[in-house]
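Shown next, in structure tokens, is the structure this report addresses.
The values are calculated or read from the model by the stated rules, or taken from the named source; none is laboratory data. As the structure is a computational prediction, the values presented were derived from the model and not from experiment. Neighbour counts are summed over all protein chains in view; Cβ atoms, including those assigned to glycine, are modelled from backbone coordinates with ideal geometry.
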Amino acid sequence: MAISTTHTIGILADNLESRKSVLPIPKDAVTHWADGLNLPRGGETVLYTGQMYQLIPYIEALVTQERKLGDSWLASFSGVGRFVNRFINIAALMGRPSPEERQRYERIPRNVARLLQKVGLEFGILYEEDWYSGALMYDLGEDEVVSAHAAKVYRIFQKYGVKRVITIDPHTTNMLRSVYPKWIPDYQLRVQSYLELLAEYGFTPDHPVGGEVTVHDSCVYARYEHIIDEPRFLLNGVGLAVKEPVHSKSRTWCCGGPAESLFPAKAEAAAKQRVNELAQLSSQGVTMCPICWVNLEKATDGRIHFQDISEWLCAGLAPTE
Amino acid sequence: MATLVNPNLIDQVKQSDAFNAAACMNCGICTAVCPMGIEHLPRELFRYVLLGLEEDLLAHRDAVYSCLLCRLCEVNCPAEVHIAGNVRTLRHYLNQAVFHVKRMPRARKATTG
């Protein structure tokens, strides 16, 4: 591998321990999506973003800055980089996304809030205490640092008396539902993806959308959390015909995203292969994970346009003023 | 060149009972379906661990970190090996025992504050 695995994993772990995220972003970037929604802080049911959608434009800004420097967006981090990173948040200095890029991803939690309100669910949010789940470090095998982080996240939920957590992406869903309970005794949270809840509450649109889309299942939703039927039920519910690729449902094909932090070239190749399969079916694609969304969209070459599933569902709602 | 065998490798790698590489019957379906086309993962790597061939494991560490943990191999595995979990366990071992990824003192202090 072209970069120092030691320092890369070390920096990510240091950041998670001391800054509560692998890529610390400004507090405003975490909470900006909720401006004007007047959502209460905390409560028995909370909508929890895990910062996943908000992080993507910052990661992409880093990618743009660092692509010329090496094989990875972390390539410029050497041993010296890790030392400096203890005192200065290097990543935050290196990449700042445009307001337009931020807005593209901030729309998703806003969409989800709107959809949940449509089915009559009452919920709060945790604002700046809506922390990253630690998913990347868990994937990299850094269980000690992630389990310590999980305990801190759980204490936040306890502080607000949270009993039910609504998640908006597969990785946070998996961490909070299937990984944290392994480490935290008497784990009491009920964790559900908003897609499961919308299906459970029988979401119906204000008006049909119509059209044809091809669906890309997230590996984590489909194979880790068995969330397969719900997205299809919801897409059909807004009047969309769903085209299934060869690799679909529990046999879905990875977008390549999980390899990007260490092997971006391999990640891109996997994404192109997936896009080739999806683009044969439709020029409109549906994703349900921010990592899938950004990786597939980068590999399209204009053949297919991907949108997050929440955008498709919100297209069936009456416009707000 | 002599091959060094570390008979304790499997015990060093295992962090829980979840590492079930011994169930692998080396059929190769995992390799055939891998989206990343990783030839050495997972069956050969698991075999290295079981046989104590630490040098061979280290020589193919890129494969360990390239894995997407997508579990396409797992849903196709006839022996129901926890392949993604096993790969994560190998990463944990490599981080700690080989790469010596350690926490920085300031970061450790911050967690207790």
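Just a few scattered comments:
- Contact annotation: residue pairs with Cβ atoms under 7 Å, 6 or more positions apart or on different chains, pairing a residue in the range B:48-68 that is within 14 Å of chain A (Cβ to nearest Cβ) with a partner that is polar (S, T, N, Q), are B:65/A:5.
- Pick from the range A:111-147, criterion farther than 24 Å from residue A:23 by Cβ and not in a helix (DSSP H, G or I), ranking: farthest from the chain's Cα centre (by Cα): A:120
- The sole residue among A:172, A:204 that is crowded, with 20+ Cβ neighbours inside 10 Å and either within 14 Å of chain B (Cβ to nearest Cβ) or β-branched (Val, Ile, Thr) (or both) is A:172.
- When residues of the range A:207-229 are limited to those that are among the acidic types (Asp, Glu) and under 21 Å from residue A:274 (Cβ atoms), the one surrounded by the fewest Cβ atoms within 10 Å (Cβ to Cβ): A:212
- Subset of the range A:126-147 (residues that are buried (at least 24 other Cβ atoms within 10 Å of the Cβ) and acidic (Asp, Glu)): A:142
Here's the yes/no breakdown for (1) assigned to a strand (DSSP E or B); (2) out of contact with any Cys (no Cβ under 6 Å at 6 or more places or on another chain); (3) modelled with pLDDT under 95:
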site: A:149; (1), (2), (3): no, yes, yes
site: A:176; (1), (2), (3): no, yes, no
site: A:179; (1), (2), (3): no, yes, no
site: A:198; (1), (2), (3): no, yes, no
site: A:213; (1), (2), (3): yes, yes, no
site: A:227; (1), (2), (3): no, yes, no
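- For residue A:254: the one exception among (1) at the interface with chain B (Cβ under 10 Å from one of its Cβ atoms); (2) farther than 25 Å from residue A:211 by Cβ; (3) assigned to a helix (DSSP H, G or I): (3)
The rows are residues; the columns are (1) closer than 22 Å to residue B:75 by Cα; (2) modelled with pLDDT of 90 or more; (3) polar (S, T, N, Q).
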position	(1), (2), (3)
A:264	no, no, no
A:274	yes, yes, no
A:299	no, yes, no
A:315	no, yes, no
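- The condition (being among the charged types (D, E, K, R) and within 18 Å of residue A:111 (Cβ to Cβ)) is satisfied by just one residue among A:169, A:186, A:229, A:143: A:169.
- Within the option set A:166, A:184, A:156, being away from every other protein chain (no Cβ under 14 Å), crowded, with 19+ Cβ neighbours inside 10 Å and among the aliphatic types (A, V, I, L, M) holds for one residue only, A:166.
- Just one residue in the set A:261, A:310, A:248, A:282 is of a type in the set (S, T, N, Q) and buried (at least 24 other Cβ atoms within 10 Å of the Cβ); that residue is A:310.
- Of the residues making up the range A:8-55, those that are hydrophobic (A, V, I, L, M, F, W, C), assigned to a loop (DSSP other than H, G, I, E, B) and modelled with pLDDT of 95 or more number 2.
- Any hit, the range A:263-286, residues being in contact with a Phe, Trp or Tyr (Cβ under 8 Å, 6 or more places away or on another chain), within 20 Å of residue A:56 (Cβ to Cβ) and among the polar types (S, T, N, Q): no
- If you check A:245, A:258 for being within 21 Å of the chain's Cα centre (by Cα) and either outside the structural domain of residue A:170 (by TED's automatic domain parsing) or β-branched (Val, Ile, Thr) (or both), only one passes: A:258.
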